Amino acid sequence: MRHGAWSVVTTMLALAVVGCGGPGQTIPLSVNMDAVPAPAKVTAPLRVAVVPFEDVRSDKSKVGRYQHYVESTVDTLVPASGSAAGQVTNFVLEYLKRVGFQVTRVEPGQTVAPGSADVVLSGQLESYWSEAVTRFARTELTAKNRLVLKAANVGDGSIVRTTVDGEGTRTVVFFDLEDLEKLNSEALGQTLARFLADVVVADRALKPKK
């Protein structure tokens, strides 16, 4: 009799675990410039033409994952609109505008008109990933990115090329997608802040700090 009761309990627990599992969902992840600390303003604004960034990651469709407390359930995070490269490009455009640069976007296949820009900025996404993992009584959030940035100075033909990382971690009690979006946005802002901290505006160009 006792053996039968334990069998019923074991079966019910197994069903409960299976019921909580599953393939997961596809969740759109946005970026929010308003979540990023205000960047320092430049005193000598430049005209910057931004070329759409290139995504060189092996899997370009995903930008993160959310692992539920039941490990068999994992949601896939994808860009809220367009592609990961487009999402990052739009963020860069808005960030540079808030810095004080005069920013224009160069559409794919379009050339920069002579005399319209001081700097042409392009870049690559080497990594771009946000993750939430729910454990007992907490959810651990991480966001990280690595961008290769190339600033071509139109006036003298010089080029500044650098690889910059941004990252962030946070622990919350309950998972909220907005918390992860905020952390991802902050990590992107950190990357651009680090890039701008390593250059100086001189003679209508971006030059490495000595």
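The numbers here are math on the coordinates, done by the rules we state, and not lab data. From a predicted model like this one, the values you see are computed outputs, not experimental measurements. Note that each Cβ is placed from the backbone with ideal geometry, even for glycine, and that neighbours are counted across all protein chains shown.
Rounded to the nearest 500, what is the 222 nm mean residue ellipticity of the chain from helices alone, with -39500 (n - 2.57) per DSSP H run of 4+ residues and division by all residues? So the calculated ellipticity at 222 nm is -9000 deg cm²/dmol.
Across the range 38-65, the residues whose backbone nitrogen lies under 11 Å from the label position 7 Å along the beta-carbon direction of residue 204 are 46-47.
Applying a DSSP loop filter and a limit of 11 other Cβ atoms within 10 Å to the chymotrypsin sites (Phe, Trp or Tyr not before Pro) in the range 159-210 leaves 174. Across the chain, the mean sequence separation of Cα contacts (distance under 8 Å, 6 or more residues apart), normalised by length, yields a relative contact order of 22 percent. The percentage of C-alpha pairs in the chain whose separation is greater than 27 Å is 42%. Legend: calculated FRET efficiency, residue 197 to residue 78, from the Cβ-Cβ distance at R0 = 35 Å, rounded to 0.05, equals 0.65. Taking each of 60/144; 150/209; 62/144; 150/207; 41/97; 41/210 in turn, the alpha-carbon distance tops 18 angstrom for 41/210. Helices in the chain that qualify as membrane-span-like (whole DSSP H runs, Cα extent of at least 24 Å along the helix axis, mean Kyte-Doolittle hydropathy of 0.5 or higher) are 2-20.
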